[in-house]
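**Q** I'd like to ask you about the structure that follows.
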Amino acid sequence: MDGRTRKHYMIGVVRVASEVDAIQNNNKGWMRIQRFLATLAITVSILLGNGNPVQCFDGGSHQKQQHSLCEELIIPYGYPCSEHTIQTKDGFLLGLQRVSSSSSLRLRNDGERGPPVLLLHGLFMAGDAWFLNTPDQSLGFILADHGFDVWVGNVRGTRWSHGHISLLEKKKQFWDWSWQELALYDVAEMINYINSVTNSKIFVVGHSQGTIISFAAFTQPEIVEKVEAAALLSPISYLDHISAPLVLRMVKMHIDQMILTMGIHQLNFKSEWGASLLVSLCDTRLSCNDMLSSITGKNCCFNESRVEFYLEQEPHPSSSKNLKHLFQMIRKGTYSKYDYGKLKNLIEYGKFNPPKFDLSRIPKSLPLWMAYGGNDALADITDFQHTLKELPSTPEVVYLENYGHVDFILSLQAKQDLYDPMISFFKSSGKFSSV
């Protein structure tokens with residue numbers, strides 16, 4: 001079956017699902033039927049599509065040649081950039097990029113670099129997220145122009161990281177992790193490495209999942225002692241009030257458990273089955289044409305004409321276990337380690353319930369700056385207020401009523417709305433006599 005036929009077949013499955021949904025809407029069995037049809041769509045796509053990469057979610061299929069992040073997005077704009085590889089305690093090889101500005105280096109004595117700042121990306125993204133707009137609109141470039149020593153983090157599994165010392169990417173064990181390991185291993189190793197190279201405390205910037213893992217890492221004394229201050233965009237530690245329709249639909253259908261049960265451990269929406277999964281979740285009540293808003297909330301300010309370019313870079317893979325951990329947070333209203341079930345929890349943690357990440361353990365002395373949006377369907381205002389209540393300090397807060405989840409990294413107005421205030425906060429928090 002060729003790609004065009006496969007696409008039409010999948011559309012047919014989706015249409016049947018929509019018709020069944022309309023008929024069964026008031027019947028208790030309708031959700032079970034939908035789960036079956038979603039499973040059927042995924043299974044057929046796996047059997048017929050063999051996981052080939054796609055450029056976007058329309059069934060097209062060509063794979064862009066892979067370069068390094070420095071070569072792809074940073075050096076072409078004239079910014080010095082070097083590639084670094086670090087190894088986590090559990091053997092993953094992570095890509096880090098170090099970015100500076102030629103103009104800012106010339107302004108400093110003997111080419112000395114400014115204070116280091118680590119950028120931590122969101123779910124299904126990677127370090128390219130900070131460089132997707134023009135240099136005067138992208139945070140990675142703006143920080144470099146202000147004299148910061150910019151370090152770009154890429155967590156395990158993303159295309160800018162480099163696998164594992166012994167595990168092959170196609171193996172189940174390669175994907176046996178969630179954001180818990182990203183916080184305790186990936187972020188920890190990034191901070192340790194940057195600290196060892198620069199001999200300086202580090203500023204941290206996180207967006208979305210980057211804030212989830214930052215909060216968790218900051219509860220660990222051996223990690224947070226190397227952090228100067230943190231700026232968190234769309235900060236998340238609790239997820240039980242999210243309003244994103246497509247995410248809530250996936251949670252209700254237990255898509256996370258279905259995927260793991262079917263033996264799918266890498267969650268890659270650039271593969272044919274991953275794209276088909278998203279399509280199969282859309283019906284007459286949830287337009288696929290508005291898929292981004294159905295996940296992130298209505299975004300006010302990003303350049304829609306660049307969506308095709310954004311999709312050349314995004315989304316990046318993650319693990320199915322990571323998705324399940326996030327869905328556990330939504331269902332249970334907790335900010336805890338991964339829940340294996342009572343018996344395995346007892347083996348893993350020595351108790352029936354997974355330990356929580358205690359936000360009160362984040363030092364009161366750590367300066368925090370946070371920005372959240374009124375249209376953000378993932379970092380909900382109620383959940384954000386819950387986070388604030390548990391923190392021992394009183395962070396500086398910026399509220400942007402019309403911002404959705406993606407606006408915080410892609411808004412055309414983000415420099416004046418967010419990045420300039422963030423940089424002022426950093427300069428007031430650290431040693432900036434020469435910046």
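**Q** Please list, ordered by chain and number, the residues whose modelled amide H lies under 5 Å from the amide H of V227; skip anything fewer than 5 residues away on the same chain.
**A** Excluding prolines and chain starts, which carry no amide H, the hits are I202.
**Q** With the full set of protein chains in place, find how many percent of the accessible area of the stretch 188-240 is carbon and sulfur; take the probe as 1.4 Å.
**A** With neighbouring chains kept in place, the figure for the stretch 188-240 is 39 percent.
**Q** Now a separate question. Simple spin-label model, 7 Å along Cα-to-Cβ: N402 to I347 in nm?
**A** 5.4 nm
**Q** Here is a further query. Mind giving me the nanometre distance, one decimal, between the label points for K356 and D176, set 7 Å out from Cα along Cα→Cβ?
**A** My value for the distance between the label points is 2.9 nm.
**Q** Short version: ³J(HN,Hα) in whole Hz for each residue of the stretch 399-413, in order, from phi by Karplus 6.51 cos²θ - 1.76 cosθ + 1.60 (θ = phi - 60°), x for Gly and Pro, what are they?
**A** 10, 10, 4, 9, 7, x, 5, 7, 4, 5, 10, 10, 4, 6, 9
**Q** Still on this structure, please answer the following. Straight-line reach from K172: which lysines fall under 17 Å, measuring Cα to Cα and dropping same-chain residues less than 8 apart?
**A** Output for K172: K321, K324.
**Q** Here is a follow-up. For a quick check: with amide H placed at 1.01 Å from N, whose amide H comes under 5 Å from V397's, ignoring anything fewer than 5 positions away on the same chain?
**A** Residues meeting the amide H criterion: M370.
**Q** Determine, for the stretch 338-435, the count of lysine pairs separated by eight or more sequence positions (or lying on different chains) whose alpha-carbon distance falls under 20 Å.
**A** Lysine pairs satisfying the spacing and distance rule in the stretch 338-435 number 9.
**Q** Ok, one more. Mind giving me the nanometre distance, one decimal, between the label points for S428 and E83, set 7 Å out from Cα along Cα→Cβ?
**A** 4.0 nm
**Q** Related question: Looking at the square roots a ≥ b ≥ c of the eigenvalues of the Cα gyration tensor of the stretch 162-213, which shape do they give, rounded for a/c under 1.5, prolate if a/b is larger than b/c, or oblate?
**A** In terms of gyration-tensor shape, oblate.
**Q** Got a sec to turn the phi values of the stretch 238-252 into Karplus ³J(HN,Hα) couplings, 6.51 cos²θ - 1.76 cosθ + 1.60 with θ = phi - 60°, whole Hz, x for Gly and Pro?
**A** 10, 10, 6, 10, 4, 10, 5, x, 5, 5, 4, 5, 5, 5, 5
The values are calculated or read from the model by the stated rules, or taken from the named source; none is laboratory data. The model shown is predicted, which means the values in this text are computed figures rather than measured ones. Note that we place each Cβ from the backbone using ideal geometry, even for glycine, and neighbour counts take in every protein chain shown. Surface accessibility is based on the protein's heavy atoms, side chains included, excluding ligands, DNA and RNA. Shrake-Rupley method; radii C 1.70, N 1.55, O 1.52, S 1.80 Å.
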